[in-house]
Structure formats: C-alpha cells, structure tokens
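Presented below is the structure to which this report refers.
The values are calculated or read from the model by the stated rules, or taken from the named source; none is laboratory data. Model, not experiment: these values are computed from the prediction. Every residue, glycine as well, gets a Cβ built from its backbone with ideal geometry; the counts of neighbours run over all protein chains shown. Calculation scope for accessible area: heavy atoms of the full protein, side chains included, ligands and nucleic acids excluded. Shrake-Rupley method; radii C 1.70, N 1.55, O 1.52, S 1.80 Å.
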Amino acid sequence: MPIQIRETDQADWQSLYRGQHAVFTCKQLRQFGISYPTVRANIEARRWQRVHRGVIALFSGPLPREARLAAALLYADLPAALSHRTAAQEWGWLPADDEPIHVTVPFGTSAEPQEGVVVHRSRAFRHIVVSHDPPRTSRADTVIDLATAEPDEAAAERTLLTVASANRVTADEIRARLAARPAYRYAAALDRAVRLLAEGLTSMLEARYFLDVEQAHGIPRARRQVPVHAFGRRLLEDCSYDGIGVPLIVRLDGRAYHSDAETAFRDRRRDNAAELSGTARLVYGWQDVDRTPCSVAREVVAMLRREGWQGPTRRCRRCLGP
C-alpha cells in the first residue's frame, strides 16, 4: 500500500527518513498522516517490517547497522544514547557485531529491555552523553560503563585500566566523570585503577604488564615513565625498580620492529645510558606479556634477586594451572 506525504511535510519527512535510516516509530508515522491500518497492511505485504514494539522499518530484508542503532534508540524513546559495548564499538574500540544494542536513558524512563535492545538507566544522563550522530556516552563514561558491567571488582579494575590505556582516555577525564556520577559500582576498585593511570600507565601493554606480571605475581610495582638523561637528551623509561633499591629497568616495546630512525636512535641512547650507569635492563613485547606473563615474571624476579632484592612473591592462577 503506497503512502502519500503531504507537500507541507515533505522536508520534515525526508529529514527524518535520512536521519533515522528509514526507521520510524508508529507515533511519528501517525504525525505524517499514516494510519495504523496502513502500517499493518505494509507489514503484512512484507514491504515494511516491525523491528521493535512501536518501531517500523520502511523496507524489507536485513537491517544495516545504522538502522539497528536508530531502531534501538527510537524504541528506548528519546532522549536516549548508545552506551556500554555499543558505544565502545562506535568509538572504534571494539569490532561491530550482531549482539544486542546497549542504550542508556534517563532514570525514570519506562522503556524495558527486549530482544535486541539492552536498556540502562542513569541519574546522570545529561552529564554522560556527548553530541554525536547517533548520540552516545562520552569516551570516559563508556570506559566506566564497561568496567561497572563486569562481574567483580578485579575484572572492573582490569577493564578500566586496559580499555583506558589502550584508547588514550586519561585519568583526569575518568576522574571527572566519576565525580559527576558518584553512585557507581566497584568505587574502590575504579578509584584505584584511576590512580594507577595517573601514575603513568600509558598503553595496554603497560597495563597488562602491571596486572599480569607485577600484580599477579606479587612483584613490587615499578615506577612508571621515569625520566633519564642520555647524552644531553631527556628520555623516559617504562618501568624502573630503583624505588626498591634495585637498578633494573624493564622496557615495554609494543612495536614489532622500529620503523623509523629516530625511534631506533632513541632506544640505542637509552641502552647505552643504562649500560654506562650499571643499570640492568629487560625488554618485553606484546607477545611476551600476553602469552607468557608467568615466564616474564620469573625473569624479572630472577633479575631482582640477582641485584639483591629478597622480598616475597607468589604464584598466580596461570602458574598453578587448571
């Protein structure tokens, strides 16, 4: 059954049609003079399809991702914003998938979760949403949402550290958002993770080294981003154990190889400066820390012991095995 849009409504219709990727609520359709019998007839003829309760796509066949996002937001009823895993996907942190769309609405909104849509409520809604098309939670709030969705404090701390460090969301950004939404889960764990970020964890590799090598095995926490002076230049070392009296540097190299002369020159300078000062050094890449953190821990402990440190360590769950 074809539809006729009034001439005076054509501009508004086209704007919504494009902006919502041909997805409308029944209420919107009625405002354009399209009755429920017309909607039902088009659905029964398989020209249109019902996506969610009260939400209609004006086409048949699979829904592109943009249409799925629009449908979820329309179902939740504006104001609403993409959040949690879906917001992380929109920020480019996770690959898009066919899992349910996560949306957040103001506290008190009546929308309930249904197939394909997970609805969250927030008392701080107006503080957490940024202006995007479609709307989504801010980068820092997305990190917090992912962390607070975890099943326990340890997982929450890990998620905040790894996601924030991998995507360059700063400790100051997260701290400000936590202050604006104080009633959050795992408050102590998230505050601890933010402090660690502020102390110099600047990449996912550094976060994983801290979590899976140091913390998991009881190795004292190194000082991060420690300035060193080499041949008139100021450089930074990733991890230094001079705080426990051990002249040991652990360098974390996330690159498979050095693709530019400046990087290679900088690392040679750091190596030479460490050698001249009598400072031991170990270098690990992503595969070392990701695949064999226990082996890395054993090497670090061996070097600490060689240099005189006799503190306690422990075996992690991976060391103990199944």
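Listed values, structure above:
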| item | result |
| --- | --- |
| Any hit, the range 126-139, residues being on the phi < 0 side of the Ramachandran plot, free of Cβ contacts under 8 Å to residues at least 60 places away in the same chain, surrounded by fewer than 16 Cβ atoms within 10 Å (Cβ to Cβ) and part of a loop (DSSP other than H, G, I, E, B) | yes |
| Failed criterion for GLU157 (all others in (1) open to solvent by 20 Å² or more (accessible area, probe 1.4 Å); (2) modelled with pLDDT under 95; (3) not in a strand (DSSP E or B) hold) | (1) |
| In the range 36-53, the residues that are under 22 Å from THR86 (Cα atoms) and in a loop (DSSP other than H, G, I, E, B) | ARG53 |
| Condition met for ARG306 (within 18 Å of GLY245 (Cα to Cα), at pLDDT 90 or above and loosely packed, with under 15 Cβ neighbours inside 10 Å) | yes |
| Close pairs (6 angstrom Cβ cut-off, 6 or more residues apart or separate chains): more than 19 Å from GLN287 (Cβ to Cβ) in the range 194-216, not basic (Lys, Arg) anywhere | VAL194/ALA171; VAL194/ILE174; LEU197/ALA164; LEU197/ALA171; ALA198/ALA171; GLY200/GLN225; LEU201/SER165; LEU201/ALA207 |
| Some residue of the range 17-29 being farther than 20 Å from TYR75 by Cα and modelled with pLDDT under 95 | no |
| Residues that are of a type in the set (Gly, Ala, Ser), open to solvent by 10 Å² or more (accessible area, probe 1.4 Å) and in a helix (DSSP H, G or I), drawn from the range 203-217 | ALA216 |
| Candidate set: the range 188-202, residues that are part of a helix (DSSP H, G or I) and open to solvent by 40 Å² or more (accessible area, probe 1.4 Å); chosen: the one farthest from ALA147 (Cα to Cα) | ALA198 |
| Residue tally, condition open to solvent by less than 50 Å² (accessible area, probe 1.4 Å), free of Cβ contacts under 8 Å to residues at least 40 places away in the same chain and either in a loop (DSSP other than H, G, I, E, B) or hydrophobic (A, V, I, L, M, F, W, C) (or both), over the range 66-99 | 1 |
